[in-house]
């Protein structure tokens, strides 16, 4: 049973919300983050990536960086950029992208549910990537980047959301990338109870995006428990900031691949090797991209031409992981033919989020790479199946859009 509870939220004032809201910290390099905040003093990226406040002689992970993040957060609370609500509540966070709406519940999830696998994962995390957010959360005494969770749609939650969206939103603005963001507060006691009870009847919640942020928040929670052996379980460090979306509203975009060379094969030799596992058909030239429209089909761009690769029955697999298109490509092409055994570490492969489109695949394959693969998107139900089986997806299997903004909701611990 999922323990998803309301919380006292620190959030931007209405006048500053659109200026504060920022894309997640990990979508930027240091140079990109510095450029992004150059003329945006209220952007939450200043706090999320506080190394932007120092020159390059200060390391990204220097103690001063985390201390600066805490200092800036406290200053923004003190000057009224952020306000602190007086009551525990849920919030509705609606994002609209290209006319498609997804509406989530902002709440706090239990670190015990994470540990007990009620909150299920589908990716491994890396300790080095966790450490940065562990230090950020622990030093700031706050969780500032919500974890993107998914659940199987629930009629009670749907009804409460629909009723509360009839009110005036707390925020309504469109970010520079064209995404509309709207927020409402669920504070009526009867509605709060309905939402909490509905989640208590849900057996599994899934991490859609933010595995490292979730792992970091949980580790801080258990660290605080060890430092406070008389803890009751009600302290705020026992919970982490989340936005929970119903599965029916989510869209996963493909995570495409580009590879630097053909591992010594000529074009004809490579296509011949592909033909052992895929039916290969030339489909067009540059600008006539193959965008797969069903499972088992991959688009390939090579030397100015697009090809359609259709998996042969001999390689199809009913296993939740081995049957994924990204797994078929890895197991039958990338590793045995192109020699890419570990796509997480091999410098010959790069991953291109579906939001970048097929033109980016053509550009990369025609410049610094050699061949590009356009994938059919993994479905949310495939994600659930992998997590339910206690398995892990290959790296870079899913790309969620739109991205949740940081800074709109802060949970103090």
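Can you pull out every residue in segment 19-32 that is within 15 Å of residue 132 (Cα to Cα) and not in a helix (DSSP H, G or I)?
24, 28, 29
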For residue 197, indicate whether it is over 23 Å from the mean Cα position of the chain (by Cα) and in a helix (DSSP H, G or I). yes
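Restricting attention to segment 325-337, does a residue exist that is at positive phi and in contact (Cβ under 8 Å) with a residue 40 or more places away in the chain?
First, the residues of segment 325-337 that are at positive phi: none.
No; the residues of segment 325-337 include none that is at positive phi and in contact (Cβ under 8 Å) with a residue 40 or more places away in the chain.
Results for (1) over 30 Å from residue 160 (Cα atoms); (2) exposed (fewer than 15 other Cβ atoms within 10 Å of the Cβ), shown as yes or no for each residue.
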| position | (1), (2) |
| --- | --- |
| 14 | no, yes |
| 18 | no, no |
| 38 | yes, yes |
| 69 | yes, no |
| 100 | no, yes |
Flag for residue 291 being in contact (Cβ under 8 Å) with a residue 60 or more places away in the chain, in a helix (DSSP H, G or I) and surrounded by 13 or more Cβ atoms within 10 Å (Cβ to Cβ): no
Could you please let me know if residue 12 is under 30 Å from residue 111 (Cα atoms), over 20 Å from the mean Cα position of the chain (by Cα) and assigned by TED's automatic domain parsing to the domain that holds residue 405? yes
With respect to residue 76, determine if the residue is surrounded by 19 or more Cβ atoms within 10 Å (Cβ to Cβ) and either modelled with pLDDT under 95 or closer than 18 Å to residue 210 by Cα (or both). no
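If only one of 367, 379, 406, 374 is at pLDDT 95 or above and surrounded by fewer than 20 Cβ atoms within 10 Å (Cβ to Cβ), which one is it?
That would be 367, the only listed residue that is at pLDDT 95 or above and surrounded by fewer than 20 Cβ atoms within 10 Å (Cβ to Cβ).
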Looking only at segment 297-329, how many residues end up being farther than 16 Å from residue 394 by Cβ and touching a strand residue (DSSP E or B) at 6+ places or on another chain (Cβ under 9 Å)? 14
Go through (1) at pLDDT below 95; (2) assigned to a loop (DSSP other than H, G, I, E, B) for residue 202 and report which single condition fails. (1)
Hey, among the residues in segment 20-36 that are in contact with a helix residue (DSSP H, G or I) (Cβ under 7 Å, 6 or more places away or on another chain) and surrounded by 15 or more Cβ atoms within 10 Å (Cβ to Cβ), which one's nearest to residue 169 (Cα to Cα)? 22
Could you list, in sequence order, all residues of segment 33-56 that are under 23 Å from the mean Cα position of the chain (by Cα) and part of a helix (DSSP H, G or I)? 33, 34, 35, 36, 37, 45, 46, 47, 48, 50, 51, 52
How do the pairs read when you match residues in segment 20-40 that are touching a residue at least 60 places away in the same chain (Cβ under 8 Å) and at negative phi with residues anywhere that are surrounded by 13 or more Cβ atoms within 10 Å (Cβ to Cβ) and outside any loop (DSSP other than H, G, I, E, B), using Cβ under 6 Å and keeping only pairs 6 or more apart or on different chains? 20/12; 22/45; 22/406; 24/406; 25/48
Can you tell me how many residues in segment 159-177 are modelled with pLDDT of 95 or more, part of a loop (DSSP other than H, G, I, E, B) and surrounded by fewer than 16 Cβ atoms within 10 Å (Cβ to Cβ)? 4
Hits in segment 294-324 - residues which are more than 18 Å from residue 273 (Cβ to Cβ), touching a residue at least 60 places away in the same chain (Cβ under 8 Å) and crowded, with 19+ Cβ neighbours inside 10 Å: 297, 320, 324
Taking segment 61-80 as the region of interest, how many residues are on the phi < 0 side of the Ramachandran plot and touching a residue at least 60 places away in the same chain (Cβ under 8 Å)? 7
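The values are calculated or read from the model by the stated rules, or taken from the named source; none is laboratory data. Quick caveat: nothing in here was measured; it's all calculated off a predicted structure. All Cβ positions, even for glycine, are placed from backbone atoms using ideal geometry, and neighbour counts span all protein chains on display.
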